[in-house]
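Have a look at the structure below before the remarks.
Any read-out appearing in this document is the output of simple, stated calculations on the displayed coordinates, not a laboratory observation. Remember, predicted model here, so these are calculated numbers, not experimental data. Cβ placement follows ideal geometry from the backbone for every residue including glycine, while neighbour counts extend to all protein chains displayed.
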Amino acid sequence: MTGYAFNAAQQSVTLFDPATLRVGGTYPIGAVLRWLSNEQRFWDGSRVWSYDFPDNKVRALAFEPSFRRIDRRWPTGGAGPSHSLMLSPDNEQLWLNIAGGNEVAVLRKATGEVLDRIATGAFP
């Protein structure tokens, strides 16, 4: 088993053995994977889904652990910041809050297409 620690400041991931805490290496990923919580659905069985907002532009990200890289970077067209991304219960959509636009963007997970924008209250 391998543990993954995402390092925001370095935009990297550190792999480690959870039993011994021995570090297996640190690898650049070129983005900040944010807010992975056991209360959120972020694992689809093959990728870790998250988000970032470089230059205040919110995008969805998919981290592929086997290759230690981000292999999906999908723009939402929304202004940051953002605070969370969740997979839908059917594992087909990404729900991503767009705090700068007071909305939730709904993306098709398979393609990154923005399917909907749901208006919310201020700064969701």
Work out, step by step, the length gained on full extension between His83 and Arg117: first 0.36 nm times the residue separation, then minus their alpha carbon distance; give nm to one decimal.
10.7 nm
Measure off 7 Å from each Cα along the Cα-to-Cβ vector at Thr14 and Asp90, then give the distance between these two points in nanometres to one decimal.
4.1 nm
Could you put Thr76, Thr111, Thr20 in order, starting from the residue whose Cβ has the fewest other Cβ atoms within 10 Å?
Thr20, Thr111, Thr76
Can you give the extra length, in nm with one decimal, that the chain gains between Thr26 and Trp43 once fully stretched, where that is 0.36 nm per residue apart less the Cα-Cα distance?
4.0 nm
Compute the relative contact order of region 32-119 as a whole-number percentage, counting only Cα pairs closer than 8 Å that sit 6 or more residues apart in sequence.
20 percent
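Just rank Glu113, Glu39, Glu64, fewest to most, by other beta-carbon atoms within 10 angstrom.
Glu39, Glu113, Glu64
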Computed magnitude of the charge dipole of the chain (debye, nearest 20; Cβ of K, R +1, Cβ of D, E -1)
260 debye
When the convex hull of the Cα atoms of the chain is projected onto a plane and the area is averaged over all directions, what value comes out in nm²?
7.8 nm²
